[in-house]
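Below is one structure, written out as structure tokens, with a few remarks after it.
Values in this text are rule-based calculations from the coordinates and carry no lab data. It should be emphasised that the depicted structure is a prediction, and the values quoted were computed from it without experimental measurement. Here the Cβ is made from the backbone with ideal geometry for all residues, glycine too, and neighbour counts use every protein chain on show.
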Amino acid sequence: MVAPAGDFTISTDGIFRDTGVPDPVSAGARQHPVQDLPFDTLVYLLGSRYCDTDLLSGKAWRLFEATEPGWARVQAICDFVHDSVAFDYMQASSTRTASQALDGRQGVCRDFAHLAIAFCRCMNIPARYCTGYLSDIGEPEPHLPSDFAAWMEAFLDGRWWVVDPRNNTRRTARFLVARGRDGADVPLTQTFGPTTLTKFDVRTREAQEDAGHAARGGRR
């Protein structure tokens, strides 16, 4: 869109169907040798704008070489990232890379995702960035104000699996917007010219239906 000068508002609203089941887990999911990986997963082994694998490869192998390849290795990576980086909403930075998040030991959900993705790639596990919204459905109250969210997917045993190093627990009703190599590929808004985000709201709630499960979400 060509945005008008001055203040303006963009909003969206929709119903998203969800199984109501938490993120799937497969403790026995195996890691593929690189030569057996599908061709379209290979790009997710490479370094990218925010996932600086060249700076983290040595660290990754020192930390995770002894872990069991496959699901256990991905979980060990998530455990390490979750325990090593402190979540601080006020420390969000659009330029922070994975290695900088590790050095600074603080960040937001995108930094947790970038660091875990980079470690997975260093260990020859394809990993990609996911952006969207993570509802509080099924979580104990009180709920904090909703926000944009970032998580990741790792390729094991012939499929992609949702992994969330920020929360490091299974969650329900993730609203996926886009996937990419890292956050640079899939910004929720992309502007060409000077703009200032003055406020945003994200809201999700369960929609009551006779059949199936659904969550209603919107942002403004």
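Other residues whose C-beta falls under 15 angstrom from the C-beta of Gly58 contribute a net charge of -1, scoring Lys and Arg +1 and Asp and Glu -1. Each of Glu206, Glu141, Glu153 was scored by other Cβ atoms within 10 Å of its Cβ. Listed from fewest to most, they are Glu141, Glu206, Glu153. Measuring nothing but how far apart in sequence close Cα pairs (under 8 Å, 6+ apart) lie, relative to its length, segment 89-204 scores a relative contact order of 26 percent. Only one residue of Pro24, Val162, Gly183 has its Cα farthest out toward the positive end of the dipole of the chain, where Lys and Arg carry +1 and Asp and Glu -1 on Cβ, and that residue is Gly183. Result for the chain in a Gaussian network model with C-alpha springs under 10 Å: among Val74, Val163, Val34, the largest mean-square fluctuation is at Val34.
Near Gly132, once Lys and Arg are set to +1 and Asp and Glu to -1 for all other residues with Cβ below 10 Å from its Cβ, the sum equals +2. Expressed to the nearest 5 percent, the antiparallel share of DSSP beta bridges inside the chain is 95 percent.
Over all other residues within a Cβ to Cβ distance under 14 Å of Thr95, the charged ones net out to -1, with Lys and Arg as +1 and Asp and Glu as -1.
Measuring between their Cα centroids, segment 42-91 and segment 156-193 lie 15 Å from each other. Rounded to the nearest 20, the Cβ-based charge dipole of the chain about its Cα centre (Lys and Arg +1, Asp and Glu -1) stands at 300 debye. Here the contact order of the chain, divided by its residue count and restricted to Cα pairs under 8 Å and six or more residues apart, works out to 28 percent. Helices in the chain that qualify as membrane-span-like (whole DSSP H runs, Cα extent of at least 18 Å along the helix axis, mean Kyte-Doolittle hydropathy of 1.6 or higher) do not occur. Proximity of backbone amide H atoms, modeled 1.01 Å from N, is registered between Val163 and Met152, Glu153, Ala154 at under 5 Å, excluding neighbours fewer than 5 places apart on the same chain.
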